[in-house]
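A quick write-up on the structure given underneath.
The values are calculated or read from the model by the stated rules, or taken from the named source; none is laboratory data. Bear in mind the structure is a predicted one, so any value in this text is a computation, not a measurement. Note: ideal-geometry Cβ built from the backbone for every residue, glycine included; neighbour counts use all protein chains shown.
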Amino acid sequence: MKSFFFIFTFQITTTKQLFLKAKHYQLFIAAIGLPFIMVMIMLMSIFNLISNNPMKEPEPENLTILFFMIPFVVIIGNFTHFFWMYTMSTELQKYQSPMTRAFKVRRFKTFFIIPIVYMIFLSIFIGYIVQSITSRTEPNFIFIALAGILVFFLHLLSIFAIIYTMYFTAKTITSVEMKKETHFSDYVGDFFLIWFFPVGIWFLQPRINRLLEEQNFTEYEELLDN
């Protein structure tokens, strides 16, 4: 168990370093390129099913795997965005100026987990409905009603959690850059760049790369002085 935890922690740490040092175009490909390719594969598969039997409606069973691919496309697309925010919000704390107040990273991690739980539960919920349709079995309507209510409230909570996560990430980046206490007016631009991640990453990640280079250079100078 300890070895598994060590390997898992090592993998997370390695992935964080990759995200910190990644170039903007690499993150763009991971966030947009891979999901786009998967969507194209799905569309081509559906087109082939229809073209092979143009006079016959495709059987639901043949579309099951395609429907189950949809949550994976969403998860892969969001993974880059969410893990990037997690990496910036946790790893950049070590570069905070002593002049700034300590950031509440534990609260950030709590809010960060909420959308992940929501997406997992939503995927299970959608998968259950799709499986009921394709297998042509009568679903448990009480379960669907209760799960639907839970999904609704989780959705509202996730919206708030995601907004807080983007706010925290934007404030972290700006505070490290400015080396002082910041206000929302200082990082409102970064907030919207994080919100529109496919566009914002082209502006944010080069700044992160430069920031890390400056920090490494400063640490190297301090090492020489000692």
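Just wondering, is there one or more residues in segment 195-206 that are outside any helix (DSSP H, G or I) and modelled with pLDDT under 85? Within segment 195-206, none of the residues are outside any helix (DSSP H, G or I) and modelled with pLDDT under 85. Against the numbered list (1) under 26 Å from residue 17 (Cβ atoms); (2) over 13 Å from the mean Cα position of the chain (by Cα); (3) not assigned by TED's automatic domain parsing to the domain that holds residue 183, residue 83 comes up short only at (2). The lone criterion from (1) surrounded by 12 or more Cβ atoms within 10 Å (Cβ to Cβ); (2) modelled with pLDDT under 85 left unmet by residue 108 is number (2). Considering segment 51-76, the residues that are among the β-branched types (Val, Ile, Thr) and modelled with pLDDT of 70 or more include one that is nearest to residue 129 (Cα to Cα), namely 70.
Annotation note: Cβ proximity below 7 Å between a residue of segment 111-127 that is surrounded by fewer than 15 Cβ atoms within 10 Å (Cβ to Cβ) and a residue that is among the aliphatic types (A, V, I, L, M) and not in a helix (DSSP H, G or I) (sequence gap 6+ or interchain) occurs for no pair. Residue 127 meets the conditions (1) under 27 Å from residue 22 (Cα atoms); (2) at pLDDT below 90; (3) not polar (S, T, N, Q) in every case but one. The failed one is (1). Does residue 159 count as assigned by TED's automatic domain parsing to the domain that holds residue 197, of a type in the set (Val, Ile, Thr) and free of Cβ contacts under 8 Å to residues at least 24 places away in the same chain? In short, yes. Checking each residue in segment 162-180 for being surrounded by fewer than 16 Cβ atoms within 10 Å (Cβ to Cβ) and either under 21 Å from residue 109 (Cα atoms) or not assigned by TED's automatic domain parsing to the domain that holds residue 119 (or both) picks out only 163.
Give 177, 138 a once-over and let me know the one that is outside any loop (DSSP other than H, G, I, E, B) and among the acidic types (Asp, Glu).
Values: 138 fails: outside any loop (DSSP other than H, G, I, E, B).
Step by step, each of 177, 138 is checked, and only 177 is outside any loop (DSSP other than H, G, I, E, B) and among the acidic types (Asp, Glu).
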